[in-house]
Amino acid sequence: GNSVTQMEGPVTLSEEAFLTINCTYTATGYPSLFWYVQYPGEGLQLLLKATKADDKGSNKGFEATYRKETTSFHLEKGSVQVSDSAVYFCALFNAGNNRKLIWGLGTSLAVNP
Amino acid sequence: GAGVSQSPSNKVTEKGKDVELRCDPISGHTALYWYRQSLGQGLEFLIYFQGNSAPDKSGLPSDRFSAERTGESVSTLTIQRTQQEDSAVYLCASSPSQVGSSYNEQFFGPGTRLTVL
């Protein structure tokens with residue numbers, strides 16, 4: 001079946017540190033991959049996406065590359081800010097899975113000044 | 001335009017009572033989802049509506065849970081005889097049609113925090 005595994009948090013970093021949040025997946029066929037972000041007190045928002053192998057999604061300084069050979073979609077940012085403190089969710093969409101997003105458990109990030 | 005709205009934002013109820021949660025999707029969005037977000041459990045799919053098709057209820061955890069949607073508008077999630085383990089944040093999302101193989105972004109509401117005492 002389809003599944004998403006992402007690194008457990010919480011992750012605590014100092015401002016301007018490099019961020020990596022690991023995400024790996026299991027899926028049949030060719031899924032689309034996503035990172036969603038949930039800022040404190042707000043709803044989930046799509047951060048970035050990639051729909052095919054080797055695609056790189058990017059937004060707000062965050063990047064993730066769809067690696068089919070390693071079944072991974074790791075989220076990276078070169079220099080985090082306090083405002084990046086949030087919970088990050090990796091998710092998978094597979095057209096053969098009744099249109100449901102398959103979610104990772106979320107990784108909490110806290111960035112200290 | 002307006003995003004997805006949910007009401008109430010917070011609900012505290014006693015064990016055994018029924019609760020009804022409401023979701024107003026973005027106008028024109030034919031797909032609507034309900035999820036449950038429990039502490040440390042990530043997002044759990046509950047139910048999916050797509051236009052006039054029969055809903056996908058495969059995620060509903062028990063027969064105490066039900067949901068309705070009138071056409072392509074408001075949806076209500078009803079939990080009967082609430083239990084303490086039902087305490088969670090209930091999220092609603094809507095999107096343009098999900099028919100076909102491509103994915104259309106889901107837009108999330110702020111959620112309803114349900115606490116069952």
Within the accessible area of the range A:1-66 (1.4 Å probe), percent carbon and sulfur: 46 percent
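With viscosity set to 1.567 mPa s and temperature to 4 °C, compute the Stokes-Einstein D of the range A:29-113, Rh being the Kirkwood radius across alpha carbon pairs; µm²/s, no decimals.
97 µm²/s
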Alpha-carbon centroids, the range B:50-117 and the range A:16-50: separation in whole Å: 21 Å
Inter-site label distance for A:GLU42 and A:ALA17 at 7 Å from Cα along Cβ, in nm: 2.2 nm
Fraction of accessible area attributable to carbon and sulfur, the range B:36-117 (%, probe 1.4 Å): 48 percent
Chain A: relative contact order in percent, alpha carbon pairs under 8 Å with at least 6 residues between: 36 percent
Estimated buried accessible area (total), pair B and A, 1.4 Å, Å² to nearest 100: 1600 Å²
Proximal lysines relative to B:LYS17, as straight alpha-carbon distance under 27 Å, when same-chain residues fewer than 8 apart are discounted: B:LYS57
Label-point separation in nm, B:GLU85 to A:SER108, each point 7 Å along Cα→Cβ: 2.3 nm
Cα extents of the protein assembly as shown along the three principal axes, largest first (Å): 48, 41, 36
Residue among B:PRO61, B:PHE49, B:SER75 farthest towards the positive dipole end of chain B, charges placed on Cβ: B:PRO61
Solvent exposure of the protein assembly as shown as accessible area per residue, Å², 1.4 Å probe: 47 Å²
DSSP-defined beta bridges in chain A - what % are antiparallel, rounded to 5: 90 percent
Straight-distance crosslink candidates among lysines, where the alpha carbon sits under 27 Å from A:LYS52 and sequence neighbours closer than 8 are dropped: A:LYS60, A:LYS68, A:LYS77, A:LYS100
Calculated FRET value between A:SER83 and B:THR76, using beta carbons and R₀ = 41 Å, to 0.05: 0.70
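The values are calculated or read from the model by the stated rules, or taken from the named source; none is laboratory data. Given the structure is predicted, the values throughout are model-derived calculations rather than measurements. Virtual Cβ from ideal backbone geometry, glycine too; neighbours counted across all protein chains shown. Accessible surface areas use protein heavy atoms only, side chains included; no ligands, DNA or RNA. Shrake-Rupley method; radii C 1.70, N 1.55, O 1.52, S 1.80 Å.
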